[in-house]
Amino acid sequence: MLSRMNSSATSVLLWVAVATGICIAWGLVRRAAVAQEFSPEQLGEQLRAGAQVVDVRTPEEFRQGHLPGATNVPLDQLSRLAPKVFPDKTQPLLLYCRSGRRSEMALQELRSLGYSNVWNLGGLTRAQKILKQAGPPPAPATNASPAPPNS
């Protein structure tokens with residue numbers, strides 16, 4: 001009986017160790033996908049070269065607060081609006097959202113549409129910090145998504 005309990009305890013500990021390892025690995029992979037390393041100087045150069053800061057959150061989230069100069073193109077409208085809003089597929093696009101997940105999805109979608117110079121700044125807080133280090137903000141913000149119907 002005691003050996004059965006030791007075996008069960010060992011199995012549970014093994015599963016906990018495996019699950020912990022998977023969670024740590026997933027976190028590192030996700031962080032690597034978002035935390036594309038570039039210096040504030042490189043980002044400043046991109047902004048001076050005409051980079052556009054793109055907020056891929058919903059219009060409601062955008063209205064609650066956004067980065068200076070950001071253009072709001074919600075992720076669910078990106079494939080339809082991107083060719084109109086960003087006709088130059090070589091223009092640097094600096095993406096952000098709330099946490100970095102949607103901006104990573106947007107990065108992949110834009111690349112599949114042929115955009116070649118796309119960067120994921122991650123979440124709003126991280127993007128604010130990076131852009132602050134890069135220098136003065138770009139031009140005024142715009143909202144590319146259609147206006148909500150009047151109530």
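The values are calculated or read from the model by the stated rules, or taken from the named source; none is laboratory data. Only a predicted model underlies this, so the values are computations on that prediction, with no experimental measurement involved. Because the Cβ atoms are built from the backbone with ideal geometry, glycine has one as well, and the counts that use them run over all protein chains shown.
A few notes on this one:
- Lone unmet requirement of (1) in a loop (DSSP other than H, G, I, E, B); (2) farther than 17 Å from LEU47 by Cα for LEU110: (1)
- Residues of segment 91-106 that are in a helix (DSSP H, G or I) and buried (at least 22 other Cβ atoms within 10 Å of the Cβ): ARG102, SER103, ALA106.
- Candidate set: segment 108-125, residues that are among the aliphatic types (A, V, I, L, M) and buried (at least 21 other Cβ atoms within 10 Å of the Cβ); chosen: the one nearest to LEU67 (Cα to Cα): LEU124
- Which numbered condition HIS66 fails, given (1) modelled with pLDDT under 95; (2) part of a loop (DSSP other than H, G, I, E, B): (1)
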